[in-house]
Amino acid sequence: EVAYVLSEIMGGRNALLMVACSLPGDHYSINDIKRLLNSGDQSNIMNLLNSGDYKVSGSAAFQSGVFVGYNWGLEFMFMDVHDAKKSAIAGFGVLGSV
């Protein structure tokens, strides 16, 4: 619902939408989430984050930001994580055409 409201209110305007959450800090979990985001698989993103298998703090904010991004037609890009010990990740959405 939050994603829908933000999309309706901010659609067609210049906006910076930032979301923050604490995702699992291992290389494999982050790559699972990136894979689902890149495939646009909203249902499995929700299932994964709400399953309890991933310890996520702030998942509602993350999901809302992702769904607003999908609604706005953004392409999600994330820094590559190659080291299994590094846990920081940053991502952004790019509007394909204006």
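The residues LEU37, LEU16, when put in order of fewest to most other Cβ atoms within 10 Å, stand as LEU16, LEU37.
Footprinting exposure proxy ranking of VAL19, VAL5, fewest other C-beta atoms within 10 angstrom first, gives VAL5, VAL19. In plain terms, the residue of LYS55, LYS34 with the fewest other Cβ atoms within 10 Å comes first and the most crowded comes last, giving LYS55, LYS34.
The string of couplings for region 37-46 from the Karplus curve (6.51, -1.76, 1.60, θ = phi - 60°) is 5, 5, 8, x, 8, 4, 4, 6, 4, 4 Hz, one whole number per residue in order, with x for Gly and Pro.
Quick note: the coordinates plus some simple rules give every number you see, no bench work behind them. The structure presented is a predicted model; accordingly, all values stated were derived computationally and were not measured. Here Cβ is always computed from backbone atoms with ideal geometry, including for glycine, and neighbour counts include all displayed protein chains.
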